[in-house]
Every structure is written in structure tokens, then in C-alpha cells.
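The values are calculated or read from the model by the stated rules, or taken from the named source; none is laboratory data. Predicted model, so just to flag it, every value in this text is computed and none were measured. Positions of Cβ are generated from backbone atoms using ideal geometry, with glycine treated the same way; all protein chains shown enter the neighbour counts.
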Amino acid sequence: MINNIKIIWIIAIFIVISSLICFLIGSTAFFNRGIDLIATVIYIYVWFPAFVLSAISIIFLIKKKIPATKRGQILVVILIIFLSAAFSTTLFRYSNIEGIFKDKVISNWSNRDNMQITSDGKYIYQLELINLFQRNSRVRLYIKNILSDEKMLISLDMSTNTIYGVTPDLFPWVEMFPSENSAYYILNTTRSLKEEIEIYEININAKTSRRIE
């Protein structure tokens, strides 16, 4: 019976520790972002108690602190299973992989059918913010050729540090206009994105961008 309890206990510790690591990595996007309010609450009421439970369990196993009576052993098994399941289920459930293995994309228009169209009617476009509020954040421009259906993702050398909050589907974050050269378009940000207006030259053929102001 004692050996069975040890096996159950070790498996439970392994599951809880895995959930602790998973939530830590997910809540910080592999230490690329700060902890938000919801994650803070989970850390206080779930993560730290689960960590203490794991630490105490390891100490008890090392020191072989297992009840001698069968009734005590059954109670220990029930308690271990209940607490481990409660803690690990919550931590795994709220572990967020966006921004780590999967980019978190925030776009101006949640429905691509409502995206902006250039004044010459050739392209539809929208700005996409990747992993906003993280150290690995970046910005790209999504463009689709209306005639050919060709889609392009063009990186922009734009700092996200001055973007404090964005509201999709209300006001355009950028505006794109054709230039005298048909291969080039001019893209400027609006104050719906950031206070400072930035202007970029978009090379459609090369699929590149260059900040000009």
C-alpha cells in the first residue's frame, strides 16, 4: 500500500510541477511580457499554494512521512488526488500559449471584409500588431491584391513602445495612398494608433517597407 501511495504521490507532484511551469511560461510569454491582473490573482490563490503543496510533498516523500494506518493512507491518497487535480486543472486551463508558440495578432479590422481599400481600388490592407506589450512585439502590414487575390505580409520598422491601447473596428490605425510610381505606396499612421504620426514607403513589388518620416 505504501509503495502505491508513493507512486500516486510522485505522479501527482509531477503533474502539479508541470502545470506550475506551464502557467509561469504562459503568463509571461517565456518572460517576454509582464503579468496581468488575472494572472496575478491566479498566482496568489492557485500558483503559490500549488508550489507550497509540491514542496511539502517532496519533503514528506524524502523523509518518508507517510501515515502508518490504512485509514490515514487512504485519506492521504484522496487529499493528494483532490488538491493536485484542482490546482493543475486551473493552471493548465489558464496557461496562455499566445505570444510563445503562436503569435497573438491584433488587427484594426476583426473582419477582413471590412478592411480599408486604397484610393486607386487595387489593394485592401490593414495593420497587424504582433505580440503587443511583449519584448518580442512587432508590426506588419497585410495587403491583398483585389484583382489577383495575392496576399502579402510586409514588416514595418515601427516601435510598439508608444502604443498604449488600441480599439479595433472604430477608427483606422493607418492610411495608404498610391504614389507617382505604381510600385510604391505611402503609408501613414493615425492618432488612433499612436500620438506621433509616422510615414512609410511601401514597395509592393519587393514586399518591403522603409520609414521616411
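Taking N161, is it farther than 18 Å from Q126 by Cβ and either of a type in the set (D, E, K, R) or in contact (Cβ under 8 Å) with a residue 12 or more places away in the chain (or both)?
Numbers: farther than 18 Å from Q126 by Cβ: yes; either of a type in the set (D, E, K, R) or in contact (Cβ under 8 Å) with a residue 12 or more places away in the chain (or both): no.
Here the answer is no, as N161 does not meet what is asked.
Would you point out which residue out of I197, I154, I163, I186 is surrounded by 12 or more Cβ atoms within 10 Å (Cβ to Cβ), assigned to a loop (DSSP other than H, G, I, E, B) and in the same structural domain as Q116 (by TED's automatic domain parsing)?
I163
Matching residues to (1) closer than 17 Å to L79 by Cα; (2) of a type outside the set (S, T, Y):
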site	(1), (2)
I7	yes, yes
I11	yes, yes
S18	no, no
F30	no, yes
L37	no, yes
F51	yes, yes
Please state which one of S107, S182, S155 is of a type in the set (S, T, Y), modelled with pLDDT under 90 and closer than 27 Å to G34 by Cβ.
S107
Odd one out for L129 among (1) in a strand (DSSP E or B); (2) touching a residue at least 40 places away in the same chain (Cβ under 8 Å); (3) among the hydrophobic types (A, V, I, L, M, F, W, C):
(2)
How about the stretch 29-118: which helices (runs of 4 or more DSSP H) wholly inside it have at least 3 residues that are more than 32 Å from the chain's Cα centre (by Cα)?
48-62, 70-93
